[in-house]
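**Student:** Got a structure for you, written out below as structure tokens; questions coming shortly.
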Amino acid sequence: MKNHYLDQRIRVKKPNLSETEQKIADYFIHSNELLSSKTLEELSTEIGTSQSSIYQFVKKIGYSGFQDFKIDIARNFSYQPASQNLNRMSGADDINPNDTSLDIAQKVLQSNIYSLSNSIQFLTQELLDKVLAIIYSAKTLHFFGQGGSSIVAFDSFHKFIRTKYRCNYVFDYHMQLSFVTKLTSEDCVFIFSHSGQTKESINLARQTKKTPAKIIALTGNSGSELVTLADEAIIVLTEENLFRTESLASRISYLTVVDILYTNVMYHNYDQNIESIKKIRNNISTTKK
């Protein structure tokens with residue numbers, strides 16, 4: 001049986017786990033309700049690792065100590081993702097060549113719902129307020145990404161251009177590097193990179209860091225250099241399957257996180273943003289008969 005609560009907590013740290021820590025993580029994720037009643041010594045014997053390794057692991061995933069860990073998992077053992085009752089698609093084996101086109105459609109939909117439920121697991125009031133504070137203090141918003149992330153960046157630009165803010169999207173990497181030399185304290189830069197390891201995105205963040213501009217990173221890799229360079233980072237976790245890589249499966253989650261930010265921004269300066277939308281609609285109306 002999979003412990004979904006621990007799975008959610010551990011996955012955000014997975015890119016930085018050692019071999020021993022991964023072994024502990026696998027044991028915890030597939031544990032049952034008895035986990036909260038076991039001692040460090042018992043777990044050490046069953047997992048085949050030292051007690052200190054287990055103690056350091058629970059601290060690494062956010063607990064103050066082993067007792068804090070036991071209390072929390074006992075309280076949350078019954079936790080299930082919002083979409084758990086939808087027979088979610090969690091891997092390649094859930095779709096098979098014998099499925100009808102409608103079967104596949106339903107499973108893809110369930111997978112997307114599951115991705116969406118995961119996308120907000122690590123959004124907290126504190127994180128949202130910090131990210132929004134950066135946006136509110138800016139005058140111009142910039143959206144950058146490479147490869148598939150550039151599509152998310154462009155969609156985000158397309159949303160935010162409706163707000164009162166000046167917005168900018170640059171597709172070419174060399175042009176991005178050139179452009180960030182002009183940034184000031186009135187600029188906010190969004191950098192999208194699901195892997196968090198794209199050299200271009202990391203270098204872009206490094207160059208942006210030399211300016212007074214603020215950086216908001218959206219990535220699936222909490223341990224990446226991109227996160228350390230950003231003023232604030234939103235972590236988006238997803239699962240991949242046979243034909244949808246993790247980066248493809250995550251796209252709907254990134255778009256949803258951006259929707260959350262966009263909606264907050266629209267209501268924060270309601271009158272100004274409504275006026276901005278009216279002006280855009282008036283201009284676009286000139287293209288219609």
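**Student:** Could you work out the helix-only [θ] at 222 nm for the chain, with each DSSP H run of four or more residues adding -39,500 (n - 2.57) and the total divided by the number of residues, to the nearest 500 deg cm²/dmol?
**Tutor:** It lands at -16500 deg cm²/dmol.
**Student:** Compute the helix-to-body angle for 199-209: its Cα long axis versus the longest principal axis of the chain, expressed 0 to 90° and rounded to tens.
**Tutor:** 60 degrees
**Student:** With a Förster radius of 41 Å, plug the Cβ-Cβ distance of THR228 and ILE104 into 1/(1 + (r/R0)^6) and report the FRET value to the nearest 0.05.
**Tutor:** Taking R0 as 41 Å, the efficiency between THR228 and ILE104 is 0.55.
**Student:** 7 Å from Cα along Cα→Cβ at both SER137 and GLU275: what's the point-to-point distance in nm?
**Tutor:** 2.5 nm
**Student:** Next question, about the same structure. In percent, what relative contact order does region 4-76 have, based on Cα pairs under 8 Å that are 6 or more apart in sequence?
**Tutor:** 34 percent
**Student:** Compute the distance in nm between two label points, each set 7 Å from the Cα along the Cα-to-Cβ direction, one at MET175 and one at ARG75.
**Tutor:** 5.1 nm
**Student:** Here are several values of log10 I(q)/I(0) by the Debye sum over Cα atoms at q = 0.11, 0.14 Å⁻¹: [x] -0.76, -1.10; [y] -0.75, -1.00; [z] -0.69, -1.10. Which one was derived from the coordinates shown?
**Tutor:** [x]
**Student:** Continuing with this model, one more query. Only Cα pairs within less than 10 Å get springs; with that Gaussian network setup on the chain, which residue of SER195, SER115, SER101 has the largest fluctuation?
**Tutor:** Result for the chain, Cα springs under 10 Å: SER101 fluctuates most.
**Student:** Show me 153-161, 49-57 ranked by packing, highest mean number of other Cβ atoms within 10 Å first. All intermediate terms of the calculation are to be shown ahead of the outcome.
**Tutor:** Values: 153-161: 19.3, 49-57: 16.3.
Descending packing order for the listed peptides: 153-161, 49-57.
**Student:** Give the span of region 4-76's Cα atoms along each principal axis, as three whole-Å numbers ordered largest to smallest.
**Tutor:** 28, 24, 22
**Student:** Just to confirm my numbers, what's the Cα centroid distance between region 265-281 and region 161-201 in Å?
**Tutor:** So the two Cα centres are separated by 23 Å.
**Student:** Looking at region 4-76, how many pairs of lysines come closer than 18 Å at the Cα, when each pair is eight or more places apart or spans two chains?
**Tutor:** Lysine pairs meeting both conditions in region 4-76 amount to 13.
The numbers here are math on the coordinates, done by the rules we state, and not lab data. Being a predicted model, the structure only gives us computed values, none of them experimental. So basically every Cβ, Gly included, is an ideal-geometry build from the backbone, and we count neighbours across all protein chains shown.
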